[in-house]
1. Could you grab me the full set of residues in the stretch 58-74 that are open to solvent by 80 Å² or more (accessible area, probe 1.4 Å) and not in a loop (DSSP other than H, G, I, E, B)?
2. Considering only the stretch 215-254, how many residues are loosely packed, with under 15 Cβ neighbours inside 10 Å and small (Gly, Ala, Ser)?
3. Say whether the condition of being within 18 Å of the chain's Cα centre (by Cα), of a type in the set (Phe, Trp, Tyr) and modelled with pLDDT of 95 or more is met by at least one residue in the stretch 90-101.
4. Quick check: is even one residue across the stretch 43-63 modelled with pLDDT of 65 or more and among the acidic types (Asp, Glu)?
5. Evaluate the stretch 105-127: report whether one residue or more is open to solvent by 70 Å² or more (accessible area, probe 1.4 Å), at pLDDT 50 or above and assigned to a helix (DSSP H, G or I).
6. Please state which one of Ala211, Ala172 is of a type in the set (A, V, I, L, M, F, W, C) and in contact with a strand residue (DSSP E or B) (Cβ under 6 Å, 6 or more places away or on another chain).
7. From the set of residues in the stretch 161-201 that are buried (at least 17 other Cβ atoms within 10 Å of the Cβ) and in contact with a His (Cβ under 7 Å, 6 or more places away or on another chain), which is modelled with the lowest pLDDT?
Amino acid sequence: MKETKYKPAQKSKHARVREGRYKQESLWSEEHPRKRVQGGITTSDVVQSAYMNGNAEVFPKLLALHVPEGSLVADVTYGQGVFWRNVPEGKYIIKATDLKTGVDCRKLPYSDKSIDCVVLDPPYMEGLLRRNADHLGGVGSYKSFRNAYSDGNGGDGGPKWHKAVLDLYFKAGKEAHRVLCEKGIFIVKCQDEVSAGKQNLTHVELINEYASMGFYAKDLFVVVRLNNASVSRLKKQVHARKNHSYFLVFVKIR
């Protein structure tokens, strides 16, 4: 009886390719025993993009991520200094000004390219920029906004309603661009708003306008209010009530 000889099954094309790659990797390991290994550690302790907290708690995280210690920072709408309450004294060189100190964020007393970082937090509700002082907004749960961000006087006869908000941001942005050094950081606090029955995505409008000035939108932080906003004389709600605001972080790139 003849002995049957079995031929080993031929390897498929894909198997031969995989085997060839394995041999190449083996040769590479022998010739180059030291492979490049990525540095760093695994951690969940990182700065997040959204927080349900106050400005004083979020602002230091933003600074730590984007503004080097020892930087010259011009807070041009300092108000009551809420942002800086949890920032260690001496960590930054701070120039604190606002309307109440006689300095307009649209006309800063600094030379060109002399500041490392500018912080801007002007009135971002059109009710705080109305021409008649008796018609200024900032009542009820928003009373603190009026005290902190408005000088208590009416507007200057410029644009009205939401356009007045944008006009202030745009002019302040141009001035920030002038005084910032190359690669300087521009931190802007803002909030979307409904004005005259129309939805206005302020943060989008600012990003687009500042881009045309030479700013790159590097980061965005969302800050959610801890308490609910109250509404007076509500008949029918047609827009979601804003309970969040933004910190926008820009870099001067040109």
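The values are calculated or read from the model by the stated rules, or taken from the named source; none is laboratory data. Please read these numbers as outputs of a predicted model, since none were measured by experiment. Methodologically, a virtual Cβ is constructed for each residue, glycine included, from the backbone with ideal geometry; neighbour enumeration extends over all protein chains shown. Please note that ligands, DNA and RNA were not included when accessible areas were found on the heavy atoms of the full protein model with its side chains. Shrake-Rupley method; radii C 1.70, N 1.55, O 1.52, S 1.80 Å.
1. Lys61, Leu65, listed by residue number.
2. Residues that pass the stated criteria total 4.
3. No, that holds for no residue.
4. yes
5. no
6. Ala172
7. Ser195
For every residue, the table says whether it meets (1) touching a residue at least 24 places away in the same chain (Cβ under 8 Å); (2) in a helix (DSSP H, G or I); (3) within 12 Å of the chain's Cα centre (by Cα); (4) under 23 Å from Glu57 (Cα atoms).
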{"residue": "Ile185", "(1), (2), (3), (4)": "yes, no, yes, yes"}
{"residue": "Ser212", "(1), (2), (3), (4)": "no, yes, no, no"}
{"residue": "Lys218", "(1), (2), (3), (4)": "yes, no, yes, yes"}
{"residue": "Asn227", "(1), (2), (3), (4)": "yes, no, no, yes"}
{"residue": "Lys236", "(1), (2), (3), (4)": "no, no, no, no"}
